[in-house]
1. Which one of Ala158, Ala118, Ala151 is modelled with pLDDT of 95 or more and more than 19 Å from Ala47 (Cβ to Cβ)?
2. Looking only at segment 66-105, count how many residues are acidic (Asp, Glu) and within 20 Å of Ala50 (Cα to Cα).
3. Taking Gly60 as the residue in question, decide whether it is more than 25 Å from Arg3 (Cβ to Cβ) and assigned to a helix (DSSP H, G or I).
4. Being buried (at least 16 other Cβ atoms within 10 Å of the Cβ), in contact with a helix residue (DSSP H, G or I) (Cβ under 8 Å, 6 or more places away or on another chain), among the small types (Gly, Ala, Ser) and free of Cβ contacts under 8 Å to residues at least 12 places away in the same chain is the requirement here; does Ser29 meet it?
5. Checking the conditions here, which among Gly34, Gly18 is in contact (Cβ under 8 Å) with a residue 24 or more places away in the chain, in a helix (DSSP H, G or I), under 14 Å from Met152 (Cα atoms) and not aliphatic (A, V, I, L, M)?
6. Filter segment 47-95 for residues that are touching a Leu at 6+ places or on another chain (Cβ under 6 Å) and either closer than 21 Å to Leu125 by Cα or free of Cβ contacts under 8 Å to residues at least 40 places away in the same chain (or both); which is surrounded by the most Cβ atoms within 10 Å (Cβ to Cβ)?
7. Could you list, in sequence order, the residues of segment 39-57 that are among the hydrophobic types (A, V, I, L, M, F, W, C) and outside any helix (DSSP H, G or I)?
8. Has segment 78-93 got at least one residue that is charged (D, E, K, R), in contact with a helix residue (DSSP H, G or I) (Cβ under 8 Å, 6 or more places away or on another chain) and more than 13 Å from Ala151 (Cβ to Cβ)?
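The values are calculated or read from the model by the stated rules, or taken from the named source; none is laboratory data. This is a predicted model, so every value here is computed, not measured. Note: ideal-geometry Cβ built from the backbone for every residue, glycine included; neighbour counts use all protein chains shown.
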Amino acid sequence: MSRDIRREARILLRHPLGLLACGAGSGLSPWASGTTGSAAAVLLFWAGGAQHWPWWWNLGLAAGLFAAGVAAAGWACRALASDDAAPIVVDEWVGQWLTLAAGTLTWPRLAEPGWLLAMLVAGFLLFRIADIVKPWPAARLDRELGGGIGAMADDAVAGAYSAAALAALGGWLPG
């Protein structure tokens, strides 16, 4: 089944919940919308200077975005008549932000551009792998919960797994 991206854009970009659900349009990519949405989240993390924020700000932002994302993804699922349509990427934003927030706790010398870039790339790759593999219980939550909460929960679990991996990797690096 091919996607009608123009139709999706007409629906999502006209409503604040749709705009949030599609990650400010990043989920409307014609290819790999989850990857594009994750890349947008990494760019926002970097551009906003979130690597310098206290860890609890990043965690609080991810939690708030999760709550808003449940409503936004639920609205978008109903509007697009799909349980987890491709343009819904607010879940990737949450999972990616959780991952990168963990990296700020253990990665050394994030004030240096090379270290920061390495952390952002590693966090992006680890989250994409976890999101695609969907380790237990991510796939089950997505399947059994459905709707906005199902769309959000599986990526939050993937984000928790990739956050642990990124934090562990940072702990092994020389300080």
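1. Ala158 is the lone residue from the list that is modelled with pLDDT of 95 or more and more than 19 Å from Ala47 (Cβ to Cβ).
2. The number of residues fulfilling the criteria is 2.
3. For Gly60, the condition - more than 25 Å from Arg3 (Cβ to Cβ) and assigned to a helix (DSSP H, G or I) - is met.
4. The answer is yes for Ser29.
5. Gly34
6. Once the filter is applied, the top-ranked residue is Val90.
7. Once the filter is applied, which keeps residues that are among the hydrophobic types (A, V, I, L, M, F, W, C) and outside any helix (DSSP H, G or I), segment 39-57 yields only Trp53.
8. no
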